[in-house]
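Student: Take a look at this one; I'll ask things after.
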Amino acid sequence: SLASTAITCFTRGLDLRKGTEDVLCPANCPLWQFYVFGDGIYASLSSVCGAAIHSGVITNAGGAVRIQTLPGQENYPAVNANGIQSQVLSRWASSFSVTAGPENTALEAVGRTVSTARPSTGKRPKKTLDKKAGNKDCKADIAFLIDGSYNIGQRRFNLQKNFVGKVAVMLGIGTEGPHVGVVQASEYPKIEFYLKNFTAAKEVLFAIKELGFRGGNSNTGKALKHTAQKFFSLENGARKGIPKIIVVFLDGWPSDDLEEAGIVAREFGVNVFIVSVAKPTTEELGMVQDIGFVDKAVCRSNGFFSYQMPTWFGTTKYVKPLVQKLCSHEQMLCSKTCYNSVNIGFLIDGSSSVGESNFRLVLEFVSNVAKAFEISDIGSKVAAVQFTYNQRTEFGFTDHVTKEKVLSAIRNIRYMSGGTATGDAISFTTRNVFGPVKDGPNKNFLIVLTDGQSYDDVRGPAAAAQKAGITVFSVGVAWAPLDDLKDMASEPRESHTFFTREFTGLEQMVPDIIRGICKDFLDSKQ
């Protein structure tokens with residue numbers, strides 16, 4: 001059978017229609033671009049050629065592959081094999097397996113594959129494209145936190161610089177590719193250069209060559225905390241919506257504690273990798289404060305974020321696998337934080353018992369909570385509904401995508417005045433405001449603000465909202481009955497119910513509400 005179809009690096013199982021099909025994979029597909037889900041049996045979302053390399057049917061030199069369509073399944077596992085890290089998928093509608101295709105097709109098709117092995121965009125291949133742009137498929141802002149302590153010493157410090165240089169070159173730095181900077185950890189951290197300083201690999205290599213060895217204790221914790229807090233500001237060149245990564249190089253072990261720094265980095269949405277070199281030997285363990293230092297600092301202790309090299313000598317073979325990790329942006333689990341991945345809906349009581357001046361205090365409270373979040377088209381979103389007997393959507397989640405616009409829309413809310421039907425208002429908001437975003441990536445929160453008894457049942461509508469995946473916080477003022485507030489709040493009710501006698505007391509609740517949202521967000525990610 002010579003009827004093999006030449007496919008591209010990017011062709012997925014679901015792009016092929018037949019039950020069994022013989023295909024030809026091109027050579028030299030960039031491994032880090034493969035999306036592969038599963039092991040042996042792959043979700044049809046996976047790249048066919050990626051799955052074939054992952055399972056060992058072909059190498060990166062390409063070749064003939066036979067693909068067999070299979071039914072969908074649950075729990076496709078993540079396995080690292082042949083240079084490709086496959087990913088977990090909890091369920092998918094169809095799968096496929098790969099075996100070696102009939103040999104004779106490979107030869108006659110060699111001439112053909114070249115012309116079809118193009119990325120599916122129809123452009124010329126990326127390699128010959130704009131050198132300045134860099135590798136557009138690798139989305140990352142990276143700080144290399146290098147070890148400048150006496151632990152490593154001058155000789156190995158130079159080998160470390162060589163290794164970081166090789167990683168930087170292979171990443172494909174460019175205006176639209178990865179950006180990198182370097183921080184040196186020793187007694188005190190020193191930011192050597194920022195993301196914005198260089199956008200070409202040549203310049204970065206030169207800057208790395210020029211780095212001087214500082215010496216001192218290896219206060220990696222101090223340096224990691226400093227880098228997480230100071231390095232990734234927009235004015236220093238961090239880009240919106242691009243994963244922030246710190247790669248910590250550690251010779252031996254740190255002199256200080258990494259735990260607090262790891263927590264700070266996760267709070268700031270930074271993905272920490274640790275490359276440990278020459279890790280402590282049995283006779284050195286007595287000198288190490290905390291043997292579990294790697295797991296304390298990395299983004300997640302799932303194995304993906306830690307990397308080991310036995311020594312600084314002969315490290316070239318470690319460059320490529322590290323680059324592949326740094327470029328798999330869908331694995332950067334710490335980029336999503338409570339600040340940039342939530343939808344917060346405010347349900348505001350506009351009944352006549354509130355009054356105009358207290359209504360302003362309510363709006364101030366809403367603004368102060370909203371202000372804490374990173375509101376953008378790819379980040380967190382805010383919506384507001386005012387209610388009496390009726391409901392009025394002041395603005396929905398997609399109406400305003402910058403913080404300034406959201407805050408100005410909150411300021412412009414006009415007080416309605418009227419009765420109190422909180423139950424109806426919750427149902428209205430669940431349907432009309434959260435309905436359109438319920439399948440989105442963000443976690444949904446509803447904050448109900450009321451100052452009195454509702455005329456209708458609140459328990460049913462609140463339970464329905466929670467069933468729809470919305471976490472409810474209830475904030476009561478003045479005459480709001482505690483039973484109603486508890487009935488509306490999500491479990492555990494104590495931490496989702498707030499009450500103050502006076503409207504002026506709303507201000508003190510702001511930090512607790514923000515903390516509550518973040519706690520729920522993190523718990524949902526465990």
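Student: Can you give me the distance in nm between label points at Q289 and E260, each placed 7 Å from the Cα along the Cα-to-Cβ direction?
Tutor: Label-label distance for Q289 and E260, simple model: 1.0 nm.
Student: Go ahead and run the numbers for FRET between R17 and T316, Cβ-Cβ distance against an R0 of 35 Å, rounding to 0.05.
Tutor: Given R0 = 35 Å and the Cβ-Cβ separation, E is 0.25.
Student: Can you list the aspartates and glutamates whose alpha carbon sits under 12 Å from that of K240, skipping same-chain ones fewer than 8 residues off?
Tutor: Output for K240: D141, E374, D377.
Student: Leaving ligands, DNA and RNA out of it, rank R17, R91, R239, R156 by accessible area with a 1.4 Å probe, largest first.
Tutor: Listed by decreasing accessible area, they come as R17, R91, R156, R239.
Student: While we're on this one: Subtract the Cα-Cα distance of S524 and K202 from 0.36 nm times their separation in residues, and report this length gain in nm to one decimal.
Tutor: Value of the extension gain: 111.6 nm.
Student: Using a 7 Å offset from the Cα along the Cα-to-Cβ direction at both A93 and E404, what is the distance between the two label points in nm, to one decimal?
Tutor: Calculated label separation equals 4.3 nm.
Student: Next question. I'd like the accessible area for L45: 1.4 Å probe, protein heavy atoms, all chains in place, Å² to the nearest 10.
Tutor: 40 Å²
Student: Here is a follow-up. Could you give the distance between the Cα centres of region 329-360 and region 453-526, to the whole Å?
Tutor: 12 Å
Student: Right, here's the next one. For region 141-331, what value does the Rg/Rh ratio take when both radii are computed over Cα atoms and Rh is the Kirkwood radius, given to two decimals?
Tutor: Here the Rg-to-Rh quotient is 0.93.
Student: Given R₀ = 45 Å, what would the calculated FRET efficiency be for A100 paired with R155, taking r from the Cβ atoms and rounding to 0.05?
Tutor: 0.40
Student: Another one. Among residues other than G423 whose Cβ falls under 9 Å from its Cβ, what is the net charge (Lys/Arg +1, Asp/Glu -1)?
Tutor: So the surrounding residues net to -2.
Student: Ordered by packing density, taken as the mean number of other Cβ atoms within 10 Å over each peptide's residues, highest first, how do 315-323, 336-344 rank?
Tutor: Averaged packing, sorted descending, gives the order 336-344, 315-323.
Student: Long-range amide H contacts for A238: which residues qualify at under 5 Å (H placed 1.01 Å from N, peptide plane, sequence gap of 5 or more or a different chain)?
Tutor: S233
Student: Can you list residues from other chains, or at least 5 along the same chain, whose modelled amide H is less than 5 Å from the amide H of A480?
Tutor: Under 5 Å from the amide H of A480: G452.
Student: Hey, another quick one. Tell me which GluC sites (Glu not before Pro) from region 170-236 have a DSSP coil assignment and no more than 13 other beta carbons within 10 Å of their own.
Tutor: Within region 170-236, the qualifying GluC sites (Glu not before Pro) (loop, at most 13 other Cβ atoms within 10 Å) are E210.
Student: Show log10 I(q)/I(0) for region 154-250 at q = 0.11, 0.24 Å⁻¹, two decimals, from a solvent-free Debye sum over equal Cα scatterers.
Tutor: Normalising to I(0) and taking log10 leaves -0.31, -1.45.
Student: Something else: Would you tally the net charge around E187, using a Cβ to Cβ cut-off of less than 9 Å, leaving E187 out, and scoring K and R as +1, D and E as -1?
Tutor: Summing Lys/Arg as +1 and Asp/Glu as -1 gives +2.
Student: With viscosity set to 1.002 mPa s and temperature to 20 °C, compute the Stokes-Einstein D of region 350-435, Rh being the Kirkwood radius across alpha carbon pairs; µm²/s, no decimals.
Tutor: Once the numbers are plugged in, D ends up at 160 µm²/s.
Student: Also, quick follow-up: Give me the one-decimal nm value for the distance between modelled label points at R300 and R411, 7 Å along each residue's Cα-to-Cβ direction.
Tutor: Label at R300, label at R411, 4.1 nm between them.
Student: What percent of all Cα-Cα pairs in region 342-521 falls into each 5 Å bin, going from 0 up to the bin containing the maximum distance?
Tutor: Percent of Cα pairs in each bin: 1, 9, 20, 24, 24, 16, 6, 1.
Student: Report relative contact order for region 342-521 in percent, whole number only (criteria: Cα-Cα under 8 Å, sequence separation at least 6).
Tutor: Relative contact order, region 342-521: 23 percent.
Student: For every other residue with a beta carbon closer than 13 angstrom to the beta carbon of K225, add +1 if it is Lys or Arg and -1 if Asp or Glu, then tell me the sum.
Tutor: -1
Student: Follow-up. Got a sec? What order do L407, L234 fall in by accessible area at 1.4 Å, biggest, i.e. largest, first?
Tutor: L234, L407
Student: Starting at the first residue of region 302-314, write each ³J(HN,Hα) from the Karplus equation 6.51 cos²θ - 1.76 cosθ + 1.60 with θ = phi - 60°, in whole Hz, x for Gly and Pro.
Tutor: 9, x, 5, 8, 10, 8, 10, 10, x, 8, 7, 8, x
Student: Same structure, new question: Cβ neighbours within 10 Å, averaged per peptide: list 351-361, 434-444 in order, most packed at the top.
Tutor: Put in order of decreasing packing, that is 351-361, 434-444.
Student: Considering just Cα atoms, how many Å³ per residue does the convex hull of the chain enclose?
Tutor: Expressed per residue, the convex hull around the Cα atoms of the chain is 174 Å³.
Student: List the residues, sorted by chain then number, that are 5 or more residues from F499 or on another chain and whose placed amide H is less than 5 Å from its amide H.
Tutor: G476
The values are calculated or read from the model by the stated rules, or taken from the named source; none is laboratory data. Predicted model only: the values in this text are computed from it and were never measured. Virtual Cβ from ideal backbone geometry, glycine too; neighbours counted across all protein chains shown. These area figures cover heavy atoms from the full protein model, side chains too; ligands, DNA and RNA do not enter into them. Shrake-Rupley method; radii C 1.70, N 1.55, O 1.52, S 1.80 Å.
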